[in-house]
Protein chains: 2
Amino acid sequence: MKAPQPIAIVSLGAATPEDISIRAYGKLQKADEIYCLGEAAHRILAALPEGSALAQRCQILEIPMSSDRTEAISYYEQLATRLMEQQGRGLACSVVTIGDAGTYATVQYLADRLRQAGAKIEIVPGIPYYIAAAAAFGEGLVRQDESLLVLSKVFSSSQLREELSKGVTVVVMKLSRCADIVREVIAEDNYDFIYAEHLGNPDLELLTSDRDTFLSRQPIPYFSLIIIRPSRSISK
Amino acid sequence: MKAPQPIAIVSLGAATPEDISIRAYGKLQKADEIYCLGEAAHRILAALPEGSALAQRCQILEIPMSSDRTEAISYYEQLATRLMEQQGRGLACSVVTIGDAGTYATVQYLADRLRQAGAKIEIVPGIPYYIAAAAAFGEGLVRQDESLLVLSKVFSSSQLREELSKGVTVVVMKLSRCADIVREVIAEDNYDFIYAEHLGNPDLELLTSDRDTFLSRQPIPYFSLIIIRPSRSISK
């Protein structure tokens with residue numbers, strides 16, 4: 001019987017399948033069992049260099065998504081139990097999530113359960129979507145003394161304007177939940193922005209800084225984000 | 001003569017050399033010339049699987065660092081000219097930086113010059129240090145409706161307390177520049193934190209959430225950061 005191996009929470013990174021780290025890819029290659037959180041994670045995994053071999057050891061899990069987390073929590077309880085059983089048998093298990101596992105990924109609830117139960121885990125970080133979106137657009141995100149604010153919920157347009165007026169670069173994740181507020185700010189104010197839709201999905205990806213293009217996107221899909229900042233000259 | 005290839009601005013990622021993405025690693029393997037920005041970048045590059053071969057094609061550049069950027073800008077002008085000459089000869093050139101190229105990396109000034117001159121470039125993103133620090137500590141950074149604020153300059157302890165009182169998770173980069181302010185907040189208030197020093201450097205790395213350990217670190221080195229957040233129960 002093999003010694004217990006840490007249960008790996010593996011981040012896929014963003015933008016292209018090859019944005020996965022060597023460390024994360026190595027975990028997947030050595031894994032006896034791979035659990036993919038959602039179809040998007042599975043699609044990226046299957047597009048990796050040894051994707052078809054990886055996909056054969058992979059189960060796709062669809063976590064119940066709703067603001068009431070009771071169902072999801074119960075799902076994660078069961079998954080944690082299963083992972084610890086397999087760990088006890090000496091198997092290497094990886095749970096795979098898109099983007100970065102520490103950045104708005106629901107896999108954190110699974111990590112909580114595993115930690116509480118005393119299981120040995122390893123968090124393998126990845127490139128978050130907002131980092132990848134700026135790079136894909138060919139731009140940097142923050143420099144010198146600038147600040148970056150990452151929001152997953154926006155309450156009002158004045159909240160956004162206040163941060164932007166301080167010179168803060170603002171990222172809005174889960175954009176579909178507050179599309180109207182962001183649309184209002186982009187329509188009325190003179191900010192630079194990068195809008196990313198389905199980043200990393202070759203069939204659906206849209207990356208734009210054009211005001212009219214952004215304003216015409218209705219509805220905004222779930223896989224979208226925007227980076228907004230006060231205009232700056234390129235030579236700053 | 002080969003067609004011009006994009007000049008690649010390549011991020012190494014953080015925490016371990018294997019945190020580099022497959023895409024970034026592939027760029028380095030195919031590069032005719034590699035320019036490393038700083039000794040830290042070169043050390044990470046040399047520790048990669050094919051590091052010794054990569055290091056042979058690598059030049060270490062030491063960019064003049066001071067708040068007066070005149071010298072650095074002139075340095076980047078010369079480097080941009082050199083890179084475009086090599087690109088014109090059909091060579092593939094990579095400029096390598098630690099962490100993520102879009103996150104407080106001075107390589108952005110080089111990218112500005114190249115863009116202004118109309119050169120074809122490609123920004124290859126990486127895992128920023130604050131993302132890697134949370135994962136190395138075995139924790140997530142943000143979840144659900146939480147916000148993340150990344151600062152590279154802190155003006156006062158009240159600025160920090162105001163953000164934390166709103167429930168915002170605050171990352172302070174370039175911590176050595178505002179160590180006294182952060183020390184005051186950590187000493188007096190009841191916040192959770194993760195402090196990372198020399199992350200990814202096996203000889204020097206320190207990763208702690210212990211108050212006394214952090215408060216005794218004097219001076220705080222240049223390669224350090226802290227993640228501070230209001231206490232939350234693990235089961236939230």
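Structure above, values below:
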{"read-out": "Residue in segment A:11-28 that is away from every other protein chain (no Cβ under 11 Å) and either touching a Lys or Arg at 6+ places or on another chain (Cβ under 7 Å) or open to solvent by 20 Å² or more (accessible area, probe 1.4 Å) (or both) present", "value": "no"}
{"read-out": "Residue in segment A:171-183 that is open to solvent by less than 10 Å² (accessible area, probe 1.4 Å), facing chain B (nearest Cβ under 9 Å) and in contact (Cβ under 8 Å) with a residue 24 or more places away in the chain present", "value": "yes"}
{"read-out": "Verdict on A:ALA3 being in contact (Cβ under 8 Å) with a residue 40 or more places away in the chain, of a type in the set (A, V, I, L, M), open to solvent by 50 Å² or more (accessible area, probe 1.4 Å) and not in a helix (DSSP H, G or I)", "value": "yes"}
{"read-out": "Residue in segment A:63-77 that is assigned to a helix (DSSP H, G or I) and in contact (Cβ under 8 Å) with a residue 40 or more places away in the chain present", "value": "no"}
{"read-out": "Residue check, A:GLU85 more than 26 Å from A:ASP180 (Cα to Cα) and touching a helix residue (DSSP H, G or I) at 6+ places or on another chain (Cβ under 8 Å)", "value": "no"}
{"read-out": "When residues of segment A:102-131 are limited to those that are over 21 Å from the mean Cα position of the chain (by Cα) and either among the polar types (S, T, N, Q) or more than 20 Å from B:ALA136 (Cβ to Cβ) (or both), the one most open to solvent (accessible area, probe 1.4 Å)", "value": "A:GLN116"}
{"read-out": "Candidate set from segment A:225-234 (those that are among the hydrophobic types (A, V, I, L, M, F, W, C) and not in a loop (DSSP other than H, G, I, E, B)); member that is surrounded by the most Cβ atoms within 10 Å (Cβ to Cβ)", "value": "A:ILE226"}
{"read-out": "Residues located in segment B:50-60, provided they are in contact (Cβ under 8 Å) with a residue 12 or more places away in the chain and more than 18 Å from B:PHE223 (Cβ to Cβ)", "value": "B:GLU50, B:GLY51, B:LEU54, B:ALA55, B:ARG57, B:CYS58, B:GLN59"}
{"read-out": "Lone unmet requirement of (1) without any contact (Cβ under 8 Å) to a residue 60 or more places away in the chain; (2) open to solvent by 30 Å² or more (accessible area, probe 1.4 Å); (3) among the hydroxyl-bearing types (Ser, Thr, Tyr) for A:SER209", "value": "(1)"}
{"read-out": "Set B:ALA134, B:ALA80: member being within 7 Å of another protein chain (Cβ to nearest Cβ) and open to solvent by less than 10 Å² (accessible area, probe 1.4 Å)", "value": "B:ALA134"}
{"read-out": "Every residue from segment B:166-224 that is part of a strand (DSSP E or B) and aliphatic (A, V, I, L, M)", "value": "B:VAL170, B:VAL171, B:VAL172, B:ILE194, B:ALA196, B:LEU206, B:LEU207"}
{"read-out": "B:ALA24 being closer than 20 Å to A:GLY140 by Cβ, among the small types (Gly, Ala, Ser), at pLDDT 95 or above and assigned to a helix (DSSP H, G or I)", "value": "yes"}
{"read-out": "Candidate set from segment A:145-160 (those that are within 11 Å of chain B (Cβ to nearest Cβ) and within 11 Å of A:VAL185 (Cβ to Cβ)); member that is least open to solvent (accessible area, probe 1.4 Å)", "value": "A:VAL154"}
{"read-out": "Selection count, segment A:42-57, where residues are assigned to a loop (DSSP other than H, G, I, E, B) and open to solvent by 30 Å² or more (accessible area, probe 1.4 Å)", "value": "4"}
{"read-out": "Some residue of segment A:33-41 being without any contact (Cβ under 8 Å) to a residue 40 or more places away in the chain, open to solvent by 40 Å² or more (accessible area, probe 1.4 Å), charged (D, E, K, R) and away from chain B (no Cβ under 14 Å)", "value": "yes"}
{"read-out": "Residue in segment A:94-131 that is farthest from the other protein chains (Cβ to nearest Cβ), counting only those that are β-branched (Val, Ile, Thr) and over 16 Å from A:ARG23 (Cβ atoms)", "value": "A:ILE98"}
{"read-out": "Candidates A:GLU163, A:GLU85, filtered to the one that is assigned to a helix (DSSP H, G or I), at pLDDT 95 or above and more than 11 Å from chain B (Cβ to nearest Cβ)", "value": "A:GLU85"}
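The values are calculated or read from the model by the stated rules, or taken from the named source; none is laboratory data. Computed from a prediction, not measured in an experiment: that's the story for all the values here. FYI the Cβ positions are ideal-geometry reconstructions off the backbone, even for glycines, and counts take in every protein chain you see. These accessible areas exclude ligands, DNA and RNA; they are computed on the full protein's heavy atoms, side chains included. Shrake-Rupley method; radii C 1.70, N 1.55, O 1.52, S 1.80 Å.
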